[in-house]
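One structure is given below, encoded as structure tokens.
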Amino acid sequence: LSLAAVLAAFSALSQAVKGIDLSVAYALWGGFGIAATLAAGWILFGQRLNRKGWIGLVLLLAGMIMVKLA
């Protein structure tokens with residue numbers, strides 16, 4: 001399952017760089033990876049974020065939006 005997820009992630013990155021700059025694609029790819037890991041931890045293991053975690057997630061998402069809009 002992990003190998004399939006990594007393969008899918010790199011496939012998505014390779015498709016993304018066809019339409020946008022590599023620097024933007026890699027930044028967004030990394031951010032989505034963090035968000036997906038957070039979601040998987042919550043769904044699979046019942047892990048919850050504390051206040052600092054939520055602040056970090058909001059900052060991550062805001063940064064991803066700013067990079068995409070720049």
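Each label point was placed 7 Å from the Cα along the Cα-to-Cβ direction; for ALA12 and ILE55 their separation is 2.8 nm. Taking a ≥ b ≥ c as the square roots of the eigenvalues of the Cα gyration tensor, segment 29-70 is oblate, since a/c reaches 1.5 or more and a/b is not larger than b/c. Working note: 222 nm ellipticity from helices only, DSSP H runs with n ≥ 4, each -39,500 (n - 2.57), summed and divided by the residues of the chain, gives -28500 deg cm²/dmol to the nearest 500. Using only the Cα atoms of the chain, build the gyration tensor, take square roots of its eigenvalues as a ≥ b ≥ c, and label the shape rounded, prolate or oblate: rounded if a/c is under 1.5, else prolate if a/b is larger than b/c, else oblate. Cα axes put the chain in the oblate bin. Each label was represented as a point 7 Å from its Cα along the Cα-to-Cβ direction; for ILE34 and ALA5 these points are 1.7 nm apart. A DSSP coil position with no more than 12 other Cβ atoms inside 10 Å describes the following trypsin sites (Lys or Arg not before Pro) in the chain: LYS18, ARG48.
Bear in mind that the values in this text are calculations on the coordinates, not laboratory data. For clarity, every value in this text was computed on a predicted model and none was experimentally measured. Every residue, glycine among them, receives a Cβ derived from its backbone with ideal geometry; neighbour counts consider all protein chains shown.
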